[in-house]
Structures are given as structure tokens and as C-alpha cells.
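Some notes on the structure that comes next.
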Amino acid sequence: METLRLYPSAVAIPKWTGNRDQTLRVGGKPCVIPAKTMVNLSLNGLHFNPKYWGRSPSVYRPQNWDARKTGGPGAADHAVRQHPDPGGGRVRALQRGARACLGKRFSQVEFAAVMAVIFREYRVELVRGDGKTWEQARQETAETLESCLSYLTLSLQKRVPLRFVKRGKYRG
């Protein structure tokens, strides 16, 4: 889920008001959206909001999704880290409730099963490239991920060279 929060497969969720005006409360004040108006919910705006994700919302923290997490580095950064859905619905990659993705649970189970089978036998590592140190390769990859463009879906601007290595083999 943390990867979907940082790199959602789509950048917005389109909605519309239907055939009648809709009233929202924004900052405690009513805001009327006219009938037949398209509204796009920005996933990046939601998923990187420091109000919900702490002072460093762009940092990858898989522990955000661990219900057992009660302390440790950055735990006081925001209180929602102790909940298995720390955003309380603030991660909308697969939606929730009546309008949730029909394949959400299936995709989560299938993903976990495929990853378990792959990573039982293999590990994934960066391909360093000519004369690069591991730190240089890691930094270049981090910069590539930070420069992703979001159109309808997320797009990498540069290739990130990875390889699968059989467990027990030395990385070279």
C-alpha cells in the first residue's frame, strides 16, 4: 500500500455531481458545486499531504501500514501510523466502500502470493552500470523516481535497470 500511496497507478479519480447541485463543507464553510460538473480528486495531493503523512510525506515508510507500529523512528511524526490504514481512507488508489474496485481484494491476495513465490527464490537488485558505486546507482534511481510524470498514469522518464538474482549468489 505504501508503494501505491507514493506511486499511484492513476493520478486522479474522476467524479461528477450528477443532475443536482452538491454541497461540500470546506474549512467549515459550505461550497456548492453545480449540477453536471466534473470533479477530479487528485491522488497526489491527497497522498503527499503533510497533514496526513507527516513532515516527510515523500519518504517511503512501509511501517505506515503495520498496525503493530507504536514507536520507532518518526512514529511521533503523525499519529495515524499506528493504524493499518493510516490515512483513514486517505489512500485512494483502489478506493473503498460501495465504490471500491471490485478486484481490490483479489489483486491484493494475488500480488502477495506472486511476490512470495518470486522472492522465495530471488532478490531484486539495481544494475550499477559502468563504474558506478552502489550509492551512485541508488541515488540515480531515487532521482528517477522523484522525476516521474503523472498523466493519466505514472510514467518513468528514465529506465531503472534491475535484475533478479537467485538467492545465495553474490551480487557483482
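Read the figures in this text as sums done on the coordinates, not as results from a lab. Here the structure is a predicted model, which is why all the values come from computation and not from measurement. Using ideal geometry, Cβ is built from the backbone for each residue, glycine included, and neighbour counts are taken over all protein chains shown.
Can you work out the FRET efficiency for the pair residue 132 and residue 58, with r the C-beta to C-beta distance and R0 = 22 Å, to the nearest 0.05? Result of the calculation: an efficiency of 0.40. Taking amide H as placed 1.01 Å from N in the peptide plane, residue 122 has its amide H under 5 Å from the amide H of 167, each at least 5 places away in sequence or on another chain. Check each of the trypsin sites (Lys or Arg not before Pro) in region 1-61 and keep only those in coil by DSSP with at most 11 other C-beta atoms within 10 angstrom; list them in order. Listed in order of number, the matching sites are 20, 36, 55. Modelled this way, with points 7 Å down the Cα-to-C-beta line, the labels at residue 141 and residue 19 are 5.4 nm from one another. Label sites at residue 165 and residue 32, each approximated as a point 7 angstrom past Cα along Cα to Cβ, lie 6.4 nm apart. Cα centroid separation, region 107-133 to region 13-45: 40 Å.
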